[in-house]
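First comes the structure, then the notes that go with it.
The values are calculated or read from the model by the stated rules, or taken from the named source; none is laboratory data. None of these values were measured; they are calculated from a predicted model. Methodologically, a virtual Cβ is constructed for each residue, glycine included, from the backbone with ideal geometry; neighbour enumeration extends over all protein chains shown. These accessible areas exclude ligands, DNA and RNA; they are computed on the full protein's heavy atoms, side chains included. Shrake-Rupley method; radii C 1.70, N 1.55, O 1.52, S 1.80 Å.
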Amino acid sequence: TPQATYSPDDEQSVLTVADSLTALREGDRRTLYDPNGGDGTTAVGWAAPGPSGEYVACGVDEGGREQYDVVVLDTATGEAVETLPDCGRTSEETVAWVGEETADGFYYCTTGSADDGSQLEKTLLYHELGTDPEDDTHVTDAFTDHQWPSLETDGRQLFVTVTENWDRADVYGYHGPP
């Protein structure tokens, strides 16, 4: 299970992983991603583990702007195997992995940038591991400024909960090709 840990000596939290709950309880974890090597402005904001724990997608932010790159890490090696740049204000709630035994890819939402005022524009996409993010499948961008999607999957079917103004939430199921 990936977990962010913080030490008083670190500028930012470090993403760590343990091989079992017993190992986690005993403090036996290894570093998966340490953003502390640079100028102290790179941070891991969130993490979403894949279905078998083989991969974890995490939001990496530069400069505290909460404009994340989605970085996919191999949990065995800590190697970054994919980077989806400039995804905006994403979170672990806007990533849903596909694949029952191993990860085939994931659905994710992007937003526009706060720099140009487009941060309320949202797009739902699908990324297949091993492919260029420029070729990701566009699912929909039919969200209003006041609607916020959160994603879940059972490994095959996507469920999107769309919350609007904290007053209403609708759940949609999508069982089509990614």
Top-ranked residue in segment 38-76 [being on the phi > 0 side of the Ramachandran plot and out of contact with any Pro (no Cβ under 9 Å at 6 or more places or on another chain); ranked as most open to solvent (accessible area, probe 1.4 Å)] = E66
request  = Considering each residue of segment 79-97, count those that are over 21 Å from E152 (Cβ atoms) and open to solvent by less than 20 Å² (accessible area, probe 1.4 Å), and give that number.
outcome  = 0
query = What number of residues within segment 37-60 are without any contact (Cβ under 8 Å) to a residue 60 or more places away in the chain, closer than 21 Å to Y107 by Cβ and in a strand (DSSP E or B)?
reply = 11
task = Just name the residue that is modelled with the lowest pLDDT out of those in segment 98-123 that are more than 22 Å from E54 (Cα to Cα), open to solvent by 20 Å² or more (accessible area, probe 1.4 Å) and assigned to a loop (DSSP other than H, G, I, E, B).
result = A114
message = Which residue is modelled with the lowest pLDDT, if the candidates are limited to segment 132-178 and must be within 18 Å of the chain's Cα centre (by Cα) and small (G, A, S)?
response = G155
message = Given the criteria without any contact (Cβ under 8 Å) to a residue 40 or more places away in the chain and either closer than 30 Å to E79 by Cβ or acidic (D, E) (or both), does E121 qualify?
response = yes
request  = Test each condition in (1) in contact (Cβ under 8 Å) with a residue 12 or more places away in the chain; (2) touching a strand residue (DSSP E or B) at 6+ places or on another chain (Cβ under 9 Å); (3) over 25 Å from A43 (Cα atoms) for T83 and report the one that comes out false.
outcome  = (3)
request  = Filter segment 124-162 for residues that are closer than 21 Å to E82 by Cβ, open to solvent by 30 Å² or more (accessible area, probe 1.4 Å) and among the hydrophobic types (A, V, I, L, M, F, W, C) and give the result.
outcome  = L129, V139
